[in-house]
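So the structure is just underneath, and the comments pick up after that.
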Amino acid sequence: MIRTGRLTGLLAVFAICVSVLCSTASASAAEISLSYANFPPPKTFPCVQMERWKQEVEKRTNGKVLVQTYPGSTLLGAKNTMRGVMQGQADIGCISLAYHPGVFPLCSVFELPLGFTSSTSASLALWDLYEKYKPSEFKRFKVLTMFTSAPSNLMTKDPVRTLEDLKGLELRASGILSKILESLGATPVSMPMSATPEALQKGVVKGLFSSFDVLKDLNFAEICRYETVTNTAVYPFAVIMNLNAWNALPDDVKKVFNDLGREQAEWTGKYMDQHVKDSLDWSKEKYGIEIIRMSDADMKAVKEKTLPLIEDWKKKASSAGINGAAVLSDVEASRVKYEGK
Ligand code: DTR
């Protein structure tokens, strides 16, 4: 018995040594190691797209680049990723633009209710807009890709069947999407997605305004059994890289990253659109959630009440030296191009 135990012990030590040697060998085979910070939990779509990007980069550079991913705010959180990437605490970071009001006067156009019906079309349109304008709001970073959530809807503890039910209801949102809620009579509470599970648990908010993927990924279907379809604005995201880290990359690696920009936007949009469907099916099956559609009159009122936000955005854009009308017409042209209507 004792002998077998010793032998097993020796074998275990040997196995550990081999695995340590192998992992050191594979780590050192990579010439470049990059850290990538993300704020929400691993299962959510910003992190799923991060893992896909990592895999593609490692494959396309034949292992020359190794990407260390840090989901769930383990390296940088929702609000300090920008600063952290700028200062080099992480080489790469994923940010939700709506968590930084006023910082992105051009790309925040995507937080407006513009009628996008899918994440795929909105993500491609956002990338096109970025490529066309290369806005100075990102001048301190290399932008690796951009994408958006799916259109936002209400997920609530109590049913919201009419606009009247929204009056004074405390709901979580961010950025211009908070203003959308306000113009519909609700009481928005702005916070990042990563802070929302606790706020819902504690009853600080009675629901949230975002896309339906989180019903499954953050198990919000358990607490928010009522889902009111509004299909209003999306949330835009950017994946930013520290400029020094970018400048230090060899040209062949830069090319791999550049080639992935648009492709990653589209991949993420498609993943998200499919995932919203899966999330709704899962939530119906597991928690028997109810999908609510408001009357046509209420939906028309939603449109009318949120219209002033577009004028508001134009004014702010103009004070930042941006021709808001031209940007809006570019975005609309992209919407038509990708949605075919
Ligand atoms: N920025 C967003 C959009 C969003 C939608 N699903 C997820 C999942 C994890 C983080 C963010 C998001 C929001 O805050 O609602």
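The values are calculated or read from the model by the stated rules, or taken from the named source; none is laboratory data. These figures come from a predicted structure and were not determined experimentally. Here Cβ is always computed from backbone atoms with ideal geometry, including for glycine, and neighbour counts include all displayed protein chains. Note: accessible area is taken over every heavy atom of the protein model, side chains too, but ligands, DNA and RNA are not part of it. Shrake-Rupley method; radii C 1.70, N 1.55, O 1.52, S 1.80 Å.
At a glance:
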item: In the stretch 235-251, the residues that are within 16 Å of the ligand (Cβ to nearest atom) and of a type outside the set (Gly, Ala, Ser); result: 235, 236, 237, 239, 240
item: Among the residues listed as 51, 58, the single one being within 30 Å of residue 331 (Cβ to Cβ) and either in a helix (DSSP H, G or I) or not β-branched (Val, Ile, Thr) (or both); result: 51
item: Qualifying residue in the stretch 236-254 (condition: farther than 27 Å from residue 131 by Cα and surrounded by fewer than 13 Cβ atoms within 10 Å (Cβ to Cβ)); result: no
item: Per-region count, the stretch 87-105, residues out of contact with any strand residue (DSSP E or B) (no Cβ under 7 Å at 6 or more places or on another chain), open to solvent by 10 Å² or more (accessible area, probe 1.4 Å) and not β-branched (Val, Ile, Thr); result: 7
item: Every pair of residues 6+ apart whose Cβ atoms lie under 6 Å, when the first sits in the stretch 93-107 and is more than 14 Å from the ligand (Cβ to nearest atom) while the second is open to solvent by less than 10 Å² (accessible area, probe 1.4 Å); result: 105/317
item: Pairs where the first residue, in the stretch 246-275, is over 22 Å from residue 119 (Cα atoms) and the second is of a type in the set (S, T, N, Q) and buried (at least 18 other Cβ atoms within 10 Å of the Cβ), C-beta under 9 Å, 6+ apart; result: 252/61; 253/61; 256/61
item: Residue list for the stretch 203-215, filter: more than 10 Å from the ligand (Cβ to nearest atom) and either polar (S, T, N, Q) or out of contact with any Leu (no Cβ under 8 Å at 6 or more places or on another chain) (or both); result: 203, 204
item: All helices (runs of 4 or more DSSP H) inside the stretch 247-341 with 1 or more residues being over 17 Å from residue 124 (Cβ atoms) and modelled with pLDDT under 95; result: 296-319
item: Scope the stretch 184-202; condition out of contact with any strand residue (DSSP E or B) (no Cβ under 6 Å at 6 or more places or on another chain), farther than 23 Å from residue 47 by Cβ and either open to solvent by 40 Å² or more (accessible area, probe 1.4 Å) or within 10 Å of the ligand (Cβ to nearest atom) (or both); matching residues; result: 202
item: Residue, surrounded by the fewest Cβ atoms within 10 Å (Cβ to Cβ), within the stretch 67-86, restricted to residues that are among the aliphatic types (A, V, I, L, M) and more than 14 Å from residue 174 (Cβ to Cβ); result: 86
item: Number of the exception - residue 206 against (1) without any contact (Cβ under 8 Å) to a residue 60 or more places away in the chain; (2) open to solvent by less than 60 Å² (accessible area, probe 1.4 Å); result: (2)
